[in-house]
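Student: Pasting a structure below so you can have a look.
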Amino acid sequence: MKKYIEILKRNQLFSGVSEENIEAMLNCLSATFKDYKKGEYIFRQGEYIENICILISGCVHIQSDDYWGNRSIISEVSSSEMFGESYAVHGSSAVLNDAVATADSTVAFFNVKRLMTVCSSACTFHSTVIQNLLIALTHKNRNLMQKLTHISKRTTREKLISYLSNQSKLAKSNSFSIPFNRQQLADFLSVDRSAMSNELCKMRDEGLIIFEKSNFTLL
């Protein structure tokens, strides 16, 4: 487990907790680790989960497919990021989305009951982790609100402009890379891939953007 501590330190859940205390909490929170091959599901829509997940390595998409197989990507999870926390609370409803590995991945699982209950020794770092969880949930909510801003735009171009502008702000540069390929970007923005590709070409021809694969420059 020690080899995972450096990754866990980067997660908001363990902010302000020393490496020594993180190691102690792995046992306190009944932490387990599991490897997944690309394409395997960490959890599926309709399941009930009791663990908060942190991605150690690889990549995971939180996504949903409708009855006809149309896919919507809710978010992408990168190394050291947390997911599943909204559903892990005791008594919560069934999971509404799938979590699938889009690359070979390792996931850490933390029992939410152990996390939300301060241990008998009343260790101060456990209380810090509970506070950090609330902060992490706030950050997650902000990210979802940002996505809602993108997909609430009326046209494909407006959705692209909103998303690319935000990526530029995050990168603090007009040149940046996005974490999606074309199909994934279309699924994330809830638009038709062909229509989106045509719009990207029009924006390039009009001198608004330059792009190659997942690399973009706003002009």
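Student: From ALA136, ALA186, grab the single residue that is under 30 Å from LYS113 (Cβ atoms), within 20 Å of the chain's Cα centre (by Cα) and not β-branched (Val, Ile, Thr).
Tutor: Going through ALA136, ALA186 in turn, just one is under 30 Å from LYS113 (Cβ atoms), within 20 Å of the chain's Cα centre (by Cα) and not β-branched (Val, Ile, Thr): ALA136.
Student: Only one of (1) under 27 Å from ASN141 (Cβ atoms); (2) modelled with pLDDT of 90 or more; (3) out of contact with any helix residue (DSSP H, G or I) (no Cβ under 8 Å at 6 or more places or on another chain) fails for LYS37. Which number is that?
Tutor: Every listed condition holds for LYS37 apart from (1).
Student: Given the options ARG154, ARG204, name the one that is without any contact (Cβ under 8 Å) to a residue 12 or more places away in the chain, open to solvent by 50 Å² or more (accessible area, probe 1.4 Å) and in a loop (DSSP other than H, G, I, E, B).
Tutor: ARG154
Student: What strands (runs of 3 or more DSSP E) completely inside segment 1-79 contain at least 1 residues that are without any contact (Cβ under 8 Å) to a residue 40 or more places away in the chain?
Tutor: 60-65, 71-77
Let's see how each residue does on (1) in contact (Cβ under 8 Å) with a residue 24 or more places away in the chain; (2) more than 18 Å from SER197 (Cβ to Cβ); (3) of a type in the set (Val, Ile, Thr); (4) open to solvent by 80 Å² or more (accessible area, probe 1.4 Å):
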| residue | (1), (2), (3), (4) |
| --- | --- |
| ILE135 | yes, yes, yes, no |
| LYS140 | yes, yes, no, no |
| LEU148 | no, yes, no, yes |
| ALA171 | no, yes, no, no |
| SER175 | yes, yes, no, no |
| GLN183 | no, no, no, no |
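Student: Further question: Quickly run through segment 1-27 and pick out the residues that are open to solvent by less than 30 Å² (accessible area, probe 1.4 Å) and farther than 18 Å from TYR87 by Cα.
Tutor: ILE5, LEU8, ASN11, PHE14, VAL17, ILE22, MET25, LEU26
Student: Turning to a different aspect of this structure: Sort through VAL95, VAL129, VAL89 and tell me the only one that's more than 18 Å from ASP35 (Cα to Cα) and modelled with pLDDT under 80.
Tutor: Within the list VAL95, VAL129, VAL89, the selection yields VAL89.
Student: Scan segment 185-201 for residues that are surrounded by fewer than 17 Cβ atoms within 10 Å (Cβ to Cβ) and touching a residue at least 60 places away in the same chain (Cβ under 8 Å) and jot them down. Don't jump to the end; show me each part of the working.
Tutor: So in segment 185-201, the residues surrounded by fewer than 17 Cβ atoms within 10 Å (Cβ to Cβ) come out as 190, 192-195, 197-198, 201.
Passing the criteria: only SER190.
Student: Within segment 45-80, take every residue that is small (Gly, Ala, Ser) and modelled with pLDDT of 95 or more and give me the one that is farthest from LEU29 (Cα to Cα).
Tutor: GLY58
Student: What residue, of SER194, SER168, is touching a Leu at 6+ places or on another chain (Cβ under 6 Å) and either more than 30 Å from MET25 (Cβ to Cβ) or at pLDDT 95 or above (or both)?
Tutor: Going through SER194, SER168 in turn, just one is touching a Leu at 6+ places or on another chain (Cβ under 6 Å) and either more than 30 Å from MET25 (Cβ to Cβ) or at pLDDT 95 or above (or both): SER168.
Student: Quick test for you: out of ASP98, ASP104, pick the one residue that is charged (D, E, K, R), farther than 30 Å from LEU218 by Cα and in contact with a strand residue (DSSP E or B) (Cβ under 6 Å, 6 or more places away or on another chain).
Tutor: That would be ASP98, the only listed residue that is charged (D, E, K, R), farther than 30 Å from LEU218 by Cα and in contact with a strand residue (DSSP E or B) (Cβ under 6 Å, 6 or more places away or on another chain).
The values are calculated or read from the model by the stated rules, or taken from the named source; none is laboratory data. What you see is a predicted model; the values in this text were computed from it and never measured. Backbone-built Cβ (ideal geometry, glycine too); neighbour counts: all protein chains shown. Remember, those area values only see protein heavy atoms, side chains included, never the ligands or the DNA or RNA. Shrake-Rupley method; radii C 1.70, N 1.55, O 1.52, S 1.80 Å.
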